[in-house]
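Read the structure below first, then the notes.
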Amino acid sequence: MSNKEEILARLRDAIVNLDIEAVQKAAKDAIDAGIPAYKAIIEGMAKGMEIVGKKYEDGEYFLAELIMAGETMKEGMAVLEPYLKAGDIKSAGKVVIGTVRGDLHDIGKNVVVTLLKAANFEVIDLGVDVSAEQFVEAVKKHNPDIVAMSALLTTTMIEMENVIESLKKSGLRDKVKIIIGGAPITPEYAKKIGADAAAKDAVEGVRRCSEWVEAKQ
Ligand code: B1M
């Protein structure tokens, strides 16, 4: 295992072990080793979150551990965020983003927000538990290029379709591109509900948003 692989594995394991000190140390080591911050997030910490989810499903972890894993991830993010650079991406669009109604998961959405900002997007973050009406109001108020929605629960992903229907009813659907993401989301689901794209992770999501905005310019 190379030094970089070993650091990514430490980031993953620190999340699984709910070890804030270890995640902060591994995040600093990732930066020192020249691992891009986004890679440390997606290929390190987010992999740990997958394992935490699995352990929760298997009855090995409980809600307390899910909460601690979320806190551990936030502490790791705090170390890495200042190193997320715009690089050579030069898209300057506007995105309205939120986690849909009934859903309180915001770690993945926050990663997307951070990477969007790093790619020079103006981001209007509506937070969590966002209703279709709030999405519609935000589109009217901010006139974004893109609406991005996140859902982590199979019981809340159906809200995405409500948002799209509400945008249609308000005559706003064709003014924006719509992208959706979150653990249960697939390209097939995006197609079914009339979204323009699904993103499996934040990097793919931001890449797609950049492509849309660049095509407009
Ligand atoms: Co929850 N939870 N949770 N949880 N939780 C899941 C989602 C679950 C899969 C765990 C499991 O059973 N294996 C399960 C859902 C099962 C299902 O619906 N099929 C579950 C459950 C059941 C619940 C509760 C119901 C538990 C309970 O109360 N009994 C409850 C629901 C609360 C609610 O929302 N109403 C609940 C609560 C919580 C906590 C609050 C404790 C905590 C969230 C803390 C927070 O977000 N502030 C939590 C956590 C941490 C998880 C897991 C373990 C990790 C989620 C996470 O942060 N992943 C999760 C298991 C899992 O997902 N494997 C689980 C890391 C994050 C970086 O990835 O969010 O997928 P993710 O985001 C990625 C991509 O999906 C994508 O990019 C991100 C970064 O690469 N992406 C987008 C996401 N949104 C995008 C938008 C885009 C583009 C890409 O637009 C451009």
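Kindly provide the pair-distance distribution of the chain built from C-alpha pairs, with 10 Å bins from 0 and whole-percent values in order of increasing distance.
Going from the shortest bin to the longest, the percentages are 9, 33, 34, 19, 5, 0.
With a 1.4 Å probe and every protein chain left in place, tell me how much accessible area THR155 has, in Å² to the nearest 10.
100 Å²
Taking all protein chains together and a probe of 1.4 Å, list VAL203, VAL96 from the most accessible to the least accessible. Intermediate results must be reported in sequence, preceding the final value.
Details: VAL203 40, VAL96 0 Å².
Largest accessible area first, the residues go VAL203, VAL96.
How many angstrom lie between the Cα centre of the stretch 156-183 and the Cα centre of the stretch 31-83?
29 Å
Is the stretch 3-83 best put as rounded, prolate or oblate by its Cα gyration tensor, with a ≥ b ≥ c the root eigenvalues, rounded for a/c under 1.5, and otherwise prolate when a/b is larger than b/c, oblate when not?
Note, shape of the stretch 3-83 comes out prolate.
Could you work out the relative contact order of the chain, using alpha carbon pairs under 8 angstrom and six or more residues apart, expressed as a whole percent? Intermediate values should be presented prior to the final figure.
Values: 363 pairs, mean separation 35.9, N = 217.
Reported relative contact order: 17 percent.
Quote the convex hull volume per residue of the stretch 27-131, based on C-alpha atoms, as a whole number of Å³.
Values: hull volume 10.5 nm³, N = 105.
Roughly 100 Å³ of hull volume per residue.
Could you check the simple spin-label distance between LYS55 and ASP32, using points 7 Å along Cα→Cβ, in nm with one decimal?
Between LYS55 and ASP32, the label points sit 2.6 nm apart.
Tell me the label-point distance for the pair LYS216, THR154, using the 7 Å Cα-to-Cβ offset, in nm and rounded to one decimal.
3.6 nm
Too long at a 23 Å Cα-Cα cut-off: which of LYS4/LYS94; LYS117/LYS168; LYS175/LYS216; LYS109/LYS169; LYS168/LYS192?
Going by Cα-Cα distance, LYS4/LYS94; LYS117/LYS168; LYS109/LYS169 fall outside the 23 Å limit.
Based on the alpha-carbon gyration tensor of the stretch 94-216 and its eigenvalue square roots a ≥ b ≥ c, which shape applies: rounded if a/c is under 1.5, prolate if not and a/b is larger than b/c, or oblate? The partial results should precede the final answer.
Details: a/c = 1.27, a/b = 1.06, b/c = 1.19.
Because its axes are fairly even, with a/c under 1.5, the stretch 94-216 counts as rounded.
Running a GNM on the chain with Cα contacts under 10 Å, which residue among MET68, MET149, MET160 ends up with the highest mean-square fluctuation?
Maximum among the listed residues: MET68.
Of TYR189, VAL176, MET73, whose Cα points farthest to the positive end of the dipole of the chain (charges on the beta-carbon: +1 Lys, Arg; -1 Asp, Glu; origin at the Cα centre)?
VAL176
Using a Gaussian network model of the chain with C-alpha springs under 10 Å, which one of LYS39, LYS169, LYS74 is most mobile by mean-square fluctuation?
Looking only at LYS39, LYS169, LYS74, the largest GNM fluctuation is found for LYS169.
Let me check something: with ligands and nucleic acids excluded, how do ARG173, ARG101 order by accessible area (1.4 Å probe), largest to smallest?
Working: ARG173 30, ARG101 100 Å².
Sorted descending by solvent-accessible area, the residues read ARG101, ARG173.
The values are calculated or read from the model by the stated rules, or taken from the named source; none is laboratory data. Everything quoted here is computed from the prediction, not taken from an experiment. Ideal geometry is used to build each Cβ from the backbone, glycine not excepted, and the neighbour counts take in all protein chains shown. Just the protein is used for accessible areas: all its heavy atoms, side chains included, with ligands, DNA and RNA removed. Shrake-Rupley method; radii C 1.70, N 1.55, O 1.52, S 1.80 Å.
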